Amino acid sequence: MKTVNHWIGGKTVEGASGNYGPVTDPATGAVTTQVALASLEEVDAAVAAAKDAYATWGTSSLAARTAVLFRYRALLDAHRDEIAALITAEHGKVHSDALGEVARGLEIVELACGITTQLKGELSTQVSNRVDVSSIRQSLGVVAGITPFNFPAMVPMWMFPLAIACGNTFVLKPSEKDPSAANLLAELAAEAGLPDGVLNVLHGDKVAVDGLLNHPDVAAVSFVGSTPIARYIHTTASANGKRVQALGGAKNHMLVLPDADLDAAADAAVSAAYGSAGERCMAISAVVAVGSIADELVAKIKERAEKIKIGPGNDPASEMGPLITAAHRDKVASYVTGAAAQGADVVLDGTGYTVEGFEDGHWIGLSLLDHVSTDSDAYKDEIFGPVLCVLRTETYEEGVALMNASPFGNGTAIFTRDGGAARRFQLEIEAGMVGVNVPIPVPVGYHSFGGWKDSLFGDHHIYGNDGVHFYTRGKVVTTRWPDPADAPAGVDLGFPRNH
């Protein structure tokens with residue numbers, strides 16, 4: 001059986017712990033690969049390789065760093081299909097969706113290629129007599145990234161390109177459920193000329209995660225995953241004096257006003273709820289229908305959802321693939337089977353769905369729940385599967401109040417033709433990312449991605465300007481050079497004056 005090993009110090013390093021995890025093809029249910037799970041000694045080795053590399057990479061020129069990144073960008077572009085195929089084989093998402101993931105990751109590599117403009121600093125001259133003040137940003141050292149299964153290429157690329165462009169070295173701990181894409185990303189970086197040890201890939205489970213969180217040589221930790229784990233990452237790493245950005249879970253709402261284009265809203269709801277089998281932190285999982293349009297909107301969503309083609313991710317005809325594991329499939333199904341008892345109308349029930357010839361795959365169909373109450377499990381929890389809840393309110397104000405009462409605040413959207421209502425929504429809604437007639441408002445690479453409330457722990461969003469600030473720290477330098485005409489100033493115990 002194929003084994004996915006670590007990538008440390010610019011080369012493949014076989015796992016030494018003796019522990020391995022299974023990697024499954026979600027379309028067949030078969031275990032196709034095993035992944036090495038790191039011991040604490042292997043964590044130490046990865047961090048040590050990164051620390052050694054930082055001694056030279058941290059002082060390398062911006063020109064040298066960006067030259068590597070430009071070559072890396074070209075290699076990633078040339079290997080798009082290969083990366084996407086690995087994602088499909090281990091995650092299960094359809095090939096077109098996997099290609100889209102790679103494209104969004106490439107945006108951050110492109111941003112990193114322009115890091116020179118982000119690190120220019122500031123200068124104020126003559127703040128006092130022949131005194132200048134400058135502000136600069138410098139790298140942190142060794143930083144770590146802990147990434148989820150749902151985007152095994154994109155989320156790592158949201159982290160390490162900016163981190164290494166800023167002069168840091170990086171230890172990536174990807175999900176053990178779909179680890180192969182991370183190794184290919186590292187191999188291509190080495191091919192682009194990235195020095196050994198600047199980017200390391202350490203596979204593992206909680207042992208590896210805790211090892212990174214507690215390691216004294218790790219200066220910062222980036223994380224994307226569920227809210228309980230994000231809270232744990234933030235609490236543990238912060239207690240160890242590390243800088244942390246921990247992006248958690250979501251329950252993203254889409255408010256549909258009575259004046260909205262219902263066909264466009266229904267298209268958007270189906271795309272955003274069921275794309276990538278709902279395994280997105282930016283998936284729309286709750287539609288809030290305002291006023292009399294609810295029945296018509298639900299009918300339109302149902303009509304579209306019933307036409308979605310479900311099948312293996314490598315079948316060009318498939319629009320939605322399987323879920324990542326059988327256990328996750330069963331958990332998602334439990335929300336649907338228990339929905340009616342909690343007052344919901346089960347308009348579509350996707351449980352029990354199978355694909356002919358792939359009966360052992362992790363399949364589930366599309367589910368649509370109407371008249372969902374805010375105290376039901378299907379509404380309160382992040383399901384992370386193809387289940388869409390519809391809630392109903394009479395007014396815009398009731399809809400916004402319902403949405404703002406959620407403990408999550410990741411992304412949200414409004415569908416309306418009313419510019420005034422849209423503007424008011426942007427200001428009143430308590431979420432970090434807002435879409436106006438856009439169902440999945442993931443910002444482009446040069447803006448930053450992140451939520452509010454229980455969707456983010458830490459002060460910095462990911463990528464964009466926030467990403468650059470997270471991976472650097474500020475320093476202010478005040479300078480006064482003597483002039484040949486200066487007379488001795490003598491001793492002055494007073495506070496320095498600038499006017």
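Relative contact order for the range 135-274: what is it in percent, counting Cα pairs under 8 Å that are at least 6 residues apart?
Working: 206 pairs, mean separation 31.1, N = 140.
Contact order relative to length: 22 percent.
Between the helical axis of 326-337 and the dominant principal axis of the chain, each derived from Cα atoms, what acute angle in degrees is found, rounded to the nearest 10?
In the chain, helix 326-337 runs at an angle near 50 degrees to the longest axis.
Under 14 Å from a label point 7 Å along Cα→Cβ of T235: give me every residue in the range 209-228 with its amide N that close.
Counting backbone N atoms under 14 Å from the label point, the list is 227-228.
For the range 399-415 and the range 254-314, write down the distance between their C-alpha centroids in whole Å.
With the range 399-415 and the range 254-314 each reduced to a Cα centre, they are spaced 16 Å.
Mind checking Rg over Rh on the range 293-369, alpha carbons, Kirkwood formula for Rh? Intermediate values should be presented prior to the final figure.
Working: Rg = 13.5 Å, Rh = 13.5 Å.
That ratio is 1.00, to two decimals.
Principal axis lengths of the range 129-275 from Cα atoms, whole Å, largest first?
60, 54, 36
Can you give the alpha-carbon Rg of the range 264-397 over 2.2 N^0.38 Å, where N counts its residues?
1.01
222 nm [θ] for the chain, helices only, -39500 (n - 2.57) per DSSP H run of 4+, per residue, to 500?
-11000 deg cm²/dmol, from helical runs alone.
How large is the Kirkwood hydrodynamic radius of the range 1-155, in angstrom, based on all distinct alpha carbon pairs?
Averaging 1/r across every pair of different Cα atoms and inverting gives 18.9 Å.
I need the P(r) histogram for the range 53-97: all alpha carbon pairs, bin width 10 Å from 0 out to the longest distance, whole percents.
24, 31, 23, 21, 1
To two decimal places, what compactness ratio does the chain give when its Cα radius of gyration is scaled by 2.2 N^0.38 Å?
Values: Rg = 24.9 Å, N = 499, 2.2 N^0.38 = 23.3 Å.
Compactness ratio reported: 1.07.
Rounded to the nearest 0.05, what FRET efficiency is calculated for T59 and L493 with R0 set to 41 Å and r the Cβ-Cβ distance?
About 0.60, to the nearest 0.05.
Spin-label point model (7 Å from Cα, Cβ direction): what's the S96 to A326 distance in nm?
The two pseudo-label positions are separated by 3.1 nm.
Does anyone have the angle between helix 62-78 and the longest principal axis of the chain? Alpha-carbon axes, 0 to 90°, nearest 10?
Helix 62-78 sits roughly 20 degrees off the main axis of the chain.
Please identify every one of the trypsin sites (Lys or Arg not before Pro) in the range 288-382 that sits in a loop by DSSP and has no more than 13 other beta carbons within 10 Å of its own beta carbon.
On the way: sites: K300, K302, R304, K307, K309, R329, K331, K380; in loops: K307, K309.
Answer by residue number: K307, K309.
Roughly what percent of Cα-Cα pairs across the range 223-282 reach past 20 Å? Don't skip to the answer; put the middle values down first.
Working: 840 of 1770 pairs.
Cα-Cα pairs of the range 223-282 separated by over 20 Å account for 47 percent.
Can you tell me the Rg and the Dmax, both Å, for the Cα atoms in the range 343-499?
That works out to 26.7, 92 Å for Rg and Dmax.
First compute the accessible area of the range 327-463 with a 1.4 Å probe, then give the percent of it belonging to carbon and sulfur atoms.
That fraction is 49 percent.
Taking only Cα atoms, what is the 0 to 90° angle, nearest 10, from helix 80-91's long axis to the longest principal axis of the chain?
Rounded to the nearest ten degrees, it is 60.
Of the listed peptides 62-68, 170-176, 406-412, 111-117, what is their order by residue-averaged count of other C-beta atoms within 10 Å, with the highest listed first?
Highest to lowest by the protection proxy: 170-176, 406-412, 111-117, 62-68.
Could you please state how large a percent of the accessible area of the range 1-123 is carbon and sulfur, counting protein chains only and using a 1.4 Å probe?
Working: 3060 of 5470 Å².
On the range 1-123, the fraction of accessible area on carbon and sulfur atoms equals 56 percent.
Please give the FRET efficiency for A264 paired with D483, using the beta carbon to beta carbon distance and R0 = 60 Å, rounded to the nearest 0.05.
Numbers: r = 68 Å, r/R0 = 1.13.
The computed FRET efficiency comes out at 0.30.
Please calculate the 1.4 Å probe accessible area of Y20, with all protein chains present, and give it to the nearest 10 Å².
Y20 has an accessible surface of roughly 100 Å² with all protein chains in place.
At 1.4 Å probe size, with every protein chain present, just tell me what the per residue accessible area of the chain comes to in Å².
About 41 Å² of surface per residue is accessible.
The values are calculated or read from the model by the stated rules, or taken from the named source; none is laboratory data. These figures come from a predicted structure and were not determined experimentally. For neighbour counting, all protein chains shown are included, and Cβ atoms are generated from backbone atoms with ideal geometry for every residue, glycine included. Ligands, DNA and RNA are excluded from the accessible area calculation, which covers all protein heavy atoms including side chains. Shrake-Rupley method; radii C 1.70, N 1.55, O 1.52, S 1.80 Å.
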